[in-house]
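J.: Submitted below is the structure of interest, expressed as structure tokens.
The values are calculated or read from the model by the stated rules, or taken from the named source; none is laboratory data. What you see is a predicted model; the values in this text were computed from it and never measured. Note: ideal-geometry Cβ built from the backbone for every residue, glycine included; neighbour counts use all protein chains shown. The protein model used for the area step is the full one, side chains on, heavy atoms only, and it has no ligands, DNA or RNA in it. Shrake-Rupley method; radii C 1.70, N 1.55, O 1.52, S 1.80 Å.
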Amino acid sequence: MISGAKSLQSSFGSWPPSRSHSSLAGTGTVATAGTREGASRLSPYPHWWAQHVVHQVRSNAGSQQPRLIAHRGGTADHPENTLLAIEQSLKAGADGVWLSVQVTRDGVPVLYRPKDLKDLTDGSGTTADKTLGELSGLNAGYHFTSEDGAYRHRQPGKAVGIPTLEEALHAIPENKQIYLDLKQTPAEHVVGAVSKLLDRHGAWNRVRLYSTDAETTRLLAREPKAQVAESRDATRQRLAEYALGDGACNSAPTEPWVGFELTRKMTLNEQFTLGPGVSPVVARLWTKGSVDCFTKAKPDLPIVMFGVNTRADLDAATRLGAHAVLIDSPEKIIPQPGDAAPQVPVSPTKAASTNTTEQEAAQMAAPRYEQTRIAAWQGVTGQDKAIAMAREHRSDPSRPANAAQGYSGLGSAVLASAASFHPLGAGGVRSPSAASVQVSASANAAKLPSSTASSTRRSR
């Protein structure tokens, strides 16, 4: 049995995410691609603590970054909807996965999206016409090309199979969000099989359910334990009415959550006596006003924005207040250890208020680990001290020890705090420049300026 189907909050965290660290207790497992036994192996992710701090600490600027959900497991990085894609997206720092589900002829839910198997595999036909045994020999990465155009998964030993939904549930840690997109008709076939699986494992509270098919959504909504999105048709109608109706907010959803693209190619169709007039448009229907309209009746309504595949899109979704976003490439959207430091412009007003210039602020821009530490210090000691700490500990040729101090001083303080609730303790918390960090909160407090050390103790 799949363990740990507890409560909605323990599986997904509160919406918006709570500020508590307790939801991470006992998490951090991942199955090696293609195996179920690996699900019991503790494996600390490179970004698990950084992701958590980023989500839990709201900076002085205001907006909280949405949770980053790997679309189809990260369809741009690895063959979509495979255990390999799921494993690698979680290692890259994704907060959850969005998976496409169909059902075999013998009633087994599997991860697959297109209508025909020939689109992604070396087989043909539909999943509904195949048994699980017939699917087991297919290569789900047969048509996947890497950035250099190579078909790497056609090489000997590199094939990846079509996994079952059950295998995916075993492979995904309980603190990671799971979205299931049911991609098959007739609705009764797929809804019945998925419902039986979730019932058998008590896993309803681990998943959020979605479908573009209205009948599938209707059948799912009849299950009282199902966390089903508002129907695609209803969400599109609300967004269109708000955009084209002079900002009139006529109604608000009451379903558990809603989802729609941040930007969507659409067609505006106008009917005339002599025929239709068609205008293709690239529409951005999510605006601050439409978000406010959707949350009018339910302020904590989770809004998931699809197709967020650039940093600019992520910034826009963050400003709009999205709770989660779908990303095709976790390995590109989520900064990885060793990535170049992003240039973060600082306004003259903010620069003056912190006694630093924009040029100095730009020089202090750092990779994600550094930014996470700064964000954490903003949360407990204020932005002025955070920037002062960053200036003191940033890498500087004139002070070669600073690079190490960045982890043994300010960085280690945050890592030590993270270690207090990591299932493996300090040994499970890793920085990009060291295999592990073995520190204590008292040791780190001693290395910091006295005023900062006292603030550190108070924050605990």
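J.: Please give the length that would be gained between MET266 and LYS288 if that part of the chain were fully extended, namely 0.36 nm times their separation in residues minus their C-alpha to C-alpha distance (nm, one decimal).
T.: 5.9 nm
J.: Would you work out the charge dipole size for segment 164-315 about its Cα centre, treating the Cβ of every Lys and Arg as +1 and the Cβ of every Asp and Glu as -1, and quote it to the nearest 20 debye?
T.: 140 debye
J.: Express in Å², to the nearest 10, the accessible area of ARG152 obtained by rolling a 1.4 Å probe over the protein heavy atoms while all chains stay in place.
T.: Taking all protein chains as shown, ARG152 has close to 110 Å².
J.: Points 7 angstrom from Cα along the Cβ direction at ASP233 and LYS196: gap in nanometres?
T.: Label-label distance for ASP233 and LYS196, simple model: 2.8 nm.
J.: Please list, or write none, the aspartates and glutamates whose alpha carbon is within less than 17 Å of the alpha carbon of LYS196, excluding same-chain residues fewer than 8 places away.
T.: Filter leaves ASP106, GLU166, GLU167, ASP181, GLU188, GLU223.
J.: Could you tell me what % of all Cα pairs in segment 103-225 have separations over 26 Å?
T.: On the way: 1943 of 7503 pairs.
For segment 103-225, the fraction of Cα-Cα distances above 26 Å is 26 percent.
J.: Of the listed pairs LYS176/LYS298; LYS118/LYS265; LYS91/LYS332; LYS115/LYS183; LYS176/LYS288, which have alpha-carbon separations greater than 19 Å here?
T.: Numbers: LYS176/LYS298 24 Å; LYS118/LYS265 26 Å; LYS91/LYS332 13 Å; LYS115/LYS183 8 Å; LYS176/LYS288 28 Å.
LYS176/LYS298; LYS118/LYS265; LYS176/LYS288, as the Cα separations exceed 19 Å there.
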